[in-house]
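These notes are about the structure you will find just below.
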Ligand SMILES: Cc1cc2nc3c(=O)[nH]c(=O)nc-3n(C[C@H](O)[C@H](O)[C@H](O)COP(=O)(O)O)c2cc1C
């Protein structure tokens, strides 16, 4: 698949078939993601690839804690609720997804079920826990570098017909993920990626999120017109 096509057509996939993803294919994708640029070539990222029993334990642990009322926690600084334009965009994509799924505004049960799907890693056959070196915890550039690698990972997956969603919810019961995946103490959990073969019947997979026009995101200085 051409790069432009992968960038243009990629979207977050939140419904997967049960078909497993081979370790060989995952290694191929990770090797590509590993080519991401990083500040001074520091390559601060670490990936923990879960499937089968360990992934089931994460799903279970996350679900039990959420239903038990344990407040979600992350290992990076919590940025709080989005405001203003950011909040508007957050609501816009939520409305698109709920409309596609036929979830009504006041249907608390199905809304809750949707949230819990995120904590279950969207029932994907694979979850990749994305970490970086703890000594760079307060170095914003390390977050940037790890994010760049993660986007490469998602694109490499897409170009092979796999679907993925970068899934903050999946690590928001971070003690569960840390314990089950046995994350070394010198690494910080940043996010995870739920990954697998897209379920074409899952309607939310067709949702195309909107983007600001480039006239709103970019300025051009020193050009003729
Ligand atoms: C850092 C990060 C965290 C995300 N966490 C979640 C999440 O917890 N749950 C979810 O459904 N989508 C999550 N997403 C996916 C975004 O909602 C999605 O990328 C955005 O709405 C744009 O849609 P698209 O990926 O289909 O283009 C996350 C994306 C990023 C980059």
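Which FRET efficiency value, to the nearest 0.05, is calculated for residue 225 and residue 105 with the Förster distance at 41 angstrom and r the Cβ-Cβ distance? That pair, residue 225 with residue 105, gives E of 0.35. Note on the chain: with a GNM built from Cα contacts shorter than 10 Å, the maximum mean-square fluctuation among 138, 167, 34 falls on 138.
Cα centroid separation, region 39-66 to region 96-164: 11 Å. Distance between the pseudo-spin-label points of residue 4 and residue 57 (7 Å out from Cα toward the beta carbon): 4.8 nm. A Förster radius of 22 Å, combined with the Cβ-Cβ distance separating residue 39 from residue 89, puts the computed FRET efficiency at roughly 0.20.
Across region 12-139, Cα-Cα pairs more than 22 Å apart make up 55 percent of the total.
With all projection directions averaged, the alpha carbon convex hull of the chain covers 14.9 nm². Given springs between every Cα pair under 10 Å in a Gaussian network model of the chain, which of 140, 63, 51 has the largest fluctuation? Highest fluctuation among the options: 140. Shown for 131, 192: other C-beta atoms within 10 Å of each C-beta, ranked fewest to most, produce the order 131, 192. Relative contact order (percent) for the chain, with alpha-carbon contacts under 8 angstrom and 6 or more residues of separation? Over the chain, the number comes to 39 percent. Every helix of 4 or more DSSP H residues in the chain counts as -39500 (n - 2.57), and over all residues that averages to -13000 deg cm²/dmol at 222 nm.
From the Cα gyration tensor of region 104-225, with a ≥ b ≥ c the square roots of its eigenvalues, which class applies: rounded if a/c is under 1.5, or else prolate if a/b is larger than b/c, or else oblate?
oblate
Let's test the formula: R0 of 25 Å, r as the Cβ-Cβ distance of residue 64 and residue 134. What FRET efficiency results, to the nearest 0.05? So, using R0 = 25 Å, E works out to roughly 0.40.
Only the coordinates and a few stated rules stand behind these numbers; no lab work does. Because the structure is predicted, anything quoted here is derived from the model rather than measured. Every residue, glycine as well, gets a Cβ built from its backbone with ideal geometry; the counts of neighbours run over all protein chains shown.
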